[in-house]
Every structure is written in C-alpha cells, then in structure tokens.
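Chemist: Below you'll find the structure I mean.
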Amino acid sequence: MKILETERLILRLQTTDDAKFILELVNDPSWIQFIGDRGVKTVEEASSYIENGPIRMYEQFGFCLYLVEKKEDQTPIGICGFVKRESLEDVDIGFAFLPDYWGKGYAYEAASAVLAYGIDTLGLNRIVAITTQDNHASAKLLERIGLQFEGLLQFSNDPEDLRLFSLNYDESK
C-alpha cells in the first residue's frame with residue numbers, strides 16, 4: 001500500500017515480498033556500523049523481521065519504516081518512516097539507504113515527505129531522531145529537514161551515548 005509519493009519516489013508499506021532487499025540493506029556495512037547488527041542472515045529471517053517490525057508497528061501505531069522505491073522503475077533503494085521505541089517517549093524518524101543511492105538527494109526527499117506526513121497527517125507535535133555520534137551524514141540530514149540537536153542519551157542496552165535530535169512542531173510555526 002502506497003503511503004507517500006514524491007517527485008522521484010514512492011514510499012509504501014513493506015511486505016514479506018521485500019525480504020531479499022531488506023536482507024541486503026540490514027547487512028550493508030553502513031547499516032551494521034550506524035544502526036547495528038540485527039542478526040538477519042537469511043531471506044526467511046528478513047521476512048520475519050518485516051512481519052515483526054514494520055508490519056506489526058503499522059498495525060499497532062498506524063506508521064512504520066516504509067520501503068522507499070524509485071518511481072521510474074520501482075527499484076527499492078532504502079527505508080524511511082517512523083518508529084515508536086519503548087525507550088523513547090516520542091515518535092522517532094529514521095532512514096537507511098543502500099550506498100549506491102547516497103548523495104543523490106533521495107534520503108532528503110523521502111525524509112522531508114515523511115516529516116510533513118507526520119505533522120500534517122499523523123498530527124505529531126514532536127518528532128525525534130537518534131544517531132550514533134560518528135554518523136555525521138545522518139545528523140546533517142536531520143538538521144537539513146529541521147530537527148535540532150538536543151543532547152546525548154544512553155539506552156540501557158547500548159554502552160554508547162547517542163545523539164538526540166528533535167523538532168517541536170508548535171515551535172516551528
């Protein structure tokens with residue numbers, strides 16, 4: 001099901017048919033470095049990952065990480081959307097793209113559309129994002145779409161301090 005459309009992209013719900021792509025994405029070295037190893041090593045595990053992650057989150061909250069594909073040929077290039085983490089009070093915007101699609105404006109295009117969707121359609125007043133301290137490209141993109149660095153935080157299961165970014169919509173008017 002299509003959620004958003006931009007000039008060059010379609011953002012839609014993930015399905016288990018996307019398992020091969022998700023397997024590639026979550027095992028990309030940049031994903032492992034900046035997001036972490038999810039232990040997804042087979043197409044079957046990727047299918048389970050989709051069912052227990054994005055599909056379940058959409059059923060529970062009405063949003064998730066959407067599959068991002070190029071409009072011209074439906075090539076999947078990444079994911080972008082919202083996550084509701086138990087460890088964060090607010091909804092978290094996230095994104096990840098295969099390296100072949102970096103530097104082409106796709107992440108900015110998708111994240112901008114998702115942010116607007118969160119404010120205009122989902123009615124979110126505060127949106128946050130987290131990055132590792134060394135993920136400068138993601139931090140730059142978050143600031144470019146309007147989020148501001150708020151401080152460092154640490155999850156109980158992660159020894160590293162993460163950077164927290166936020167956008168308070170009421171303040172951005």
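The values are calculated or read from the model by the stated rules, or taken from the named source; none is laboratory data. Source: prediction; values computed, not measured. Heads up, the Cβs are rebuilt from the backbone with ideal geometry, glycines too, and the neighbour counts pull from every protein chain shown. These accessible areas exclude ligands, DNA and RNA; they are computed on the full protein's heavy atoms, side chains included. Shrake-Rupley method; radii C 1.70, N 1.55, O 1.52, S 1.80 Å.
Chemist: Determine whether the range 76-92 contains at least one residue that is open to solvent by less than 20 Å² (accessible area, probe 1.4 Å) and more than 23 Å from Glu143 (Cβ to Cβ).
Modeler: no
Chemist: Moving on. Got a sec? Which of Lys20, Lys41 is basic (Lys, Arg), outside any helix (DSSP H, G or I) and at pLDDT 95 or above? Talk me through it step by step, then tell me what you get.
Modeler: Values: Lys20 fails: outside any helix (DSSP H, G or I).
Answer to the selection: Lys41.
Chemist: Turning to a different aspect of this structure: So how many residues does the range 137-161 have that are at pLDDT 95 or above, under 24 Å from Phe97 (Cα atoms) and not aliphatic (A, V, I, L, M)?
Modeler: The total comes to 7.
Chemist: For the range 146-166, what are the residues that are open to solvent by 20 Å² or more (accessible area, probe 1.4 Å) and in contact with a helix residue (DSSP H, G or I) (Cβ under 7 Å, 6 or more places away or on another chain)?
Modeler: Gly146, Arg163
Chemist: Looking at (1) surrounded by 18 or more Cβ atoms within 10 Å (Cβ to Cβ); (2) touching a residue at least 40 places away in the same chain (Cβ under 8 Å), which is the only condition Leu122 fails?
Modeler: So Leu122 meets the others, but not (1).
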